[in-house]
Amino acid sequence: MTDPWVALAADTDPGEQSGALRRAHDVFTSAGRLERPVRAVVGASWRRSARARVSPDDAPAVELGPDELGPYRDAHPLARAMPVIRELMGAYATDGEHLLAVCDAHGRLLWVEGHTAARRRAGLMNFVEGARWAESVAGTNAPGTAIAVDRPVQVFAAEHFLRPVQQWTCAAAPLHDPHTGRVLGAVDITGGDRLAHPHSLAFVQAVARAAESQLALLAAPDVEAVRLGALGRDEALLVARGRRLRLSRRHSEILVALARRPEGLSGDELLIELYEDESVTPVTLRAELSRLRRLLGPDLLDSRPYRLAVPVDADFDTVTRRLASGAVAAALDAYAGPLLPGSRAPSVVRLRRRITEQLRAALIARGDPGLLADWAYSTWGEEDLPVWRALAGAVPEDQRPALLARVRSLDAEQRG
């Protein structure tokens, strides 16, 4: 095999290979031992699936119901790539009795299209729009594993970790934002043994490249847009007039305070927003604002009162807007971490706490194990006892003991 990401060489007998893989899968799920002919990429994925306590007999859950799926999908960046994906894959999927699927970066299926009978069969294992097929909840599968390793990958028959999926073959490639390189999701082709050929992986790679090229054409940076990213970072990133500016911590705090108050703040009000004590003088604040104006340019920052002269699209506002509309999954998707986590500015501390508490409360109220796991296994959620408790109560019974052990450990640490 020259390409380790391809499931079968062109001259391999699919039936013979499928039987060998099924036996190897049984050995792994019963004894934890990897045997031939399991490929290295599949073996690594099986191990990750086992560590995530994925049950090989489960089916993925639907995370995005009809009310939430439509708005989330319409607003997703990959919606703009769907016309070219359909043009390249639609007839191939329908004529070949296959499915084309596109998922987001969390493995949630946003579009599942293709042959009617194939869609009906796939529905029996919850390969449907709104279901989450991330590797951490659905085990080894092409779209979930492609996202996990950020590589195109083909998965054949019993290479799938979930037994109900082992009658299928799939090939998927990750899709990236052409400007930032961030993984946006994956494009997948799913069907029967006829897809167990190197050509299917090459095909889906070509579709992914075409989709990314289309996004690059449609999503050329708006040089007039002003965007502020302050979640999950101590130094905010401002994109303004075609420039990307990494701000100092103090300038980050000033921008967050002004973005929240578009009507503006007086010097005294800004002092209260930014400083814990009264040792900082108005002169010091004016000097900081003067430096910030030189950095941004005179047309972005006004005075009397201090305010931003243009609308700013802030990432923390995106989270709060989505929460207010009830789009919990979309809010979590936009949440990159606590707001300026190292800041002690009073207004930042209050806003950081409010966003965190509102998002956590919404996740607990929703009770979706996939969304709760996204939070609990993040760097900011690894010690969040209420979320771990909610996750332990939301998962199937066989996954509960390990989570309850984590809950007891956190409880003891936080009491001590």
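The values are calculated or read from the model by the stated rules, or taken from the named source; none is laboratory data. In this text, all values refer to a predicted model and were calculated from it rather than measured experimentally. Here the Cβ positions follow ideal geometry from the backbone for every residue, glycine too, while neighbour counts run over all protein chains shown. Accessible surface is based on the protein model in full, side chains and every heavy atom, while ligands, DNA and RNA are left aside. Shrake-Rupley method; radii C 1.70, N 1.55, O 1.52, S 1.80 Å.
Applying the criterion of being small (Gly, Ala, Ser), more than 17 Å from VAL165 (Cβ to Cβ) and at pLDDT 85 or above to the residues of segment 177-206, the residue that is surrounded by the fewest Cβ atoms within 10 Å (Cβ to Cβ) is ALA206.
Looking across segment 230-275, the residues that are of a type in the set (S, T, N, Q) and either under 24 Å from the mean Cα position of the chain (by Cα) or surrounded by fewer than 16 Cβ atoms within 10 Å (Cβ to Cβ) (or both) come down to SER248, SER266. Scan segment 23-72 for residues that are open to solvent by 50 Å² or more (accessible area, probe 1.4 Å), among the acidic types (Asp, Glu) and not in a loop (DSSP other than H, G, I, E, B) and the total you get is 2. One residue stands out among those in segment 276-300 that are surrounded by 19 or more Cβ atoms within 10 Å (Cβ to Cβ) and in contact (Cβ under 8 Å) with a residue 40 or more places away in the chain: the one that is farthest from LEU228 (Cα to Cα), which is LEU292. Somewhere in segment 218-229, is a residue open to solvent by less than 60 Å² (accessible area, probe 1.4 Å), modelled with pLDDT under 90 and farther than 24 Å from ILE355 by Cβ? Scanning segment 218-229 turns up at least one residue that is open to solvent by less than 60 Å² (accessible area, probe 1.4 Å), modelled with pLDDT under 90 and farther than 24 Å from ILE355 by Cβ. Only one entry in LEU363, LEU371, LEU410 is at pLDDT 90 or above, within 20 Å of SER136 (Cα to Cα) and not basic (Lys, Arg), namely LEU363. Scoring LEU351 on the criteria (1) farther than 22 Å from LEU228 by Cα; (2) out of contact with any Asp or Glu (no Cβ under 8 Å at 6 or more places or on another chain) leaves a single failure, condition (1). Tell me which residues, restricted to segment 341-355, are of a type outside the set (Lys, Arg) and surrounded by fewer than 19 Cβ atoms within 10 Å (Cβ to Cβ). Residues satisfying the conditions are PRO341, GLY342, PRO346, VAL349.
Pull up segment 186-200, narrow it to residues that are in contact (Cβ under 8 Å) with a residue 24 or more places away in the chain and assigned to a helix (DSSP H, G or I), then point me to the one that is nearest to the chain's Cα centre (by Cα).
Checked segment 186-200; the qualifying residue nearest to the chain's Cα centre (by Cα) is SER200.
Cβ-Cβ contacts under 7 Å between residues 6 or more apart (or on different chains), taken from a first residue in segment 365-390 that is over 14 Å from VAL328 (Cα atoms) and of a type in the set (Phe, Trp, Tyr) to a second residue that is open to solvent by 30 Å² or more (accessible area, probe 1.4 Å) and not in a loop (DSSP other than H, G, I, E, B), are listed as TRP388/ARG406.
Do we have any residue at all in segment 307-318 that's assigned to a loop (DSSP other than H, G, I, E, B), open to solvent by 70 Å² or more (accessible area, probe 1.4 Å) and modelled with pLDDT under 90? Yes, segment 307-318 has at least one match.
Within segment 319-340, the set of residues being open to solvent by less than 20 Å² (accessible area, probe 1.4 Å), closer than 16 Å to GLY381 by Cβ and modelled with pLDDT under 90 comprises VAL328, ALA329, ALA331, LEU332.
Candidates are the residues of segment 118-167 that are basic (Lys, Arg) and assigned to a helix (DSSP H, G or I); the one that is most open to solvent (accessible area, probe 1.4 Å) is ARG120.
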